[in-house]
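Reviewing the structure listed below.
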Amino acid sequence: MFDPRPLYEVVQDTIPIREFKAYWEEYVVRPPYQRKSVWSRKKKQALLDSLFRRYYVPHIVIRDVRASDSQTVREVIDGQQRITTAKEFLSDEIPLPDSLVDVDERLVGATYSSLPSELRRFVDREMKYSADK
């Protein structure tokens, strides 16, 4: 029976989106084989709408790469646009879309830092990406 052994194991995890701003330097978000950031502001806001509504967002794929004998970095294989969008939102570069008016009026046009503390806490604790590592 054909059953080759895998060279590595895939581990499923969840990563809070705030990690992508707080620890940006630990990620190689755009390795040489990745295309440039191509999402429009509208597409980024559509992702934020999905995150606030807790819709399904596809997994991101990350692999640990040894940069030197003492350093490992996390290379983003799939999910560059989603990770960049999270960082930009948390850095107040992208306001939330008007489409969130039916979820909570306070979300419309808000930046992360302008959100009331209870909504920032929701972002910090509940907004996560599923990841395969």
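The values are calculated or read from the model by the stated rules, or taken from the named source; none is laboratory data. In this text the structure is predicted, and so the values were computed from the model without any measurement. Here the Cβ positions follow ideal geometry from the backbone for every residue, glycine too, while neighbour counts run over all protein chains shown. Protein only, heavy atoms only, side chains kept; ligands, DNA and RNA dropped before computing areas. Shrake-Rupley method; radii C 1.70, N 1.55, O 1.52, S 1.80 Å.
Observations on the model:
- Most mobile listed residue (Gln81, Gln71, Gln12) in the chain, GNM with C-alpha springs under 10 Å: Gln71
- Listed residues Ser117, Ser50 arranged by accessible area, highest first, probe 1.4 Å: Ser117, Ser50
- Farthest towards the positive end of the charge dipole of the chain, among the residues Val65, Leu51, Gln80, is the Cα of Gln80, using unit charges on the Cβ of Lys, Arg, Asp and Glu.
- With Cα atoms, 0 to 90° folded angle of helix 41-53 axis to the chain main axis: 90 degrees
- Summarising the overall dimensions of segment 23-70 from its C-alpha atoms, the Rg and Dmax are 14.4, 42 angstrom.
- Counting Lys and Arg as +1 and Asp and Glu as -1 over every other residue whose Cβ lies under 14 Å from the Cβ of Ser130, the net charge comes to -1.
- Number of Lys-Lys pairs in the chain with C-alpha atoms under 17 Å apart and a separation of 8 or more places or on different chains: 10.
- Remark: segment 74-91, residue by residue, has Karplus-estimated 3J(HN,Hα) of 9, 9, 8, 7, 9, x, 3, 5, 5, 5, 4, 4, 4, 4, 5, 5, 5, 9 Hz, where x stands for each Gly or Pro and the curve is 6.51 cos²θ - 1.76 cosθ + 1.60 at θ = phi - 60°.
- Loop chymotrypsin sites (Phe, Trp or Tyr not before Pro), segment 1-92, which have at most 16 other Cβ atoms in a 10 Å radius of their Cβ (DSSP): Phe2, Tyr8, Tyr23, Tyr33, Trp39, Tyr55, Tyr56
- When the chain is treated as a GNM with alpha-carbon contacts under 10 Å, the residue of Thr14, Thr84, Thr72 showing the greatest mean-square fluctuation is Thr72.
- Within the accessible area of segment 76-133, the carbon and sulfur atoms contribute 41%, probe 1.4 Å, all protein chains present.
- Ligands, DNA and RNA are left out, and with a 1.4 angstrom probe the accessible area of the chain is 65 Å² per residue.
- Max mean-square fluctuation residue, GNM over the chain, Cα-Cα springs under 10 Å, options Lys36, Lys21, Lys44: Lys36
- Cubic angstrom per residue, convex hull over Cα atoms of the chain: 139 Å³
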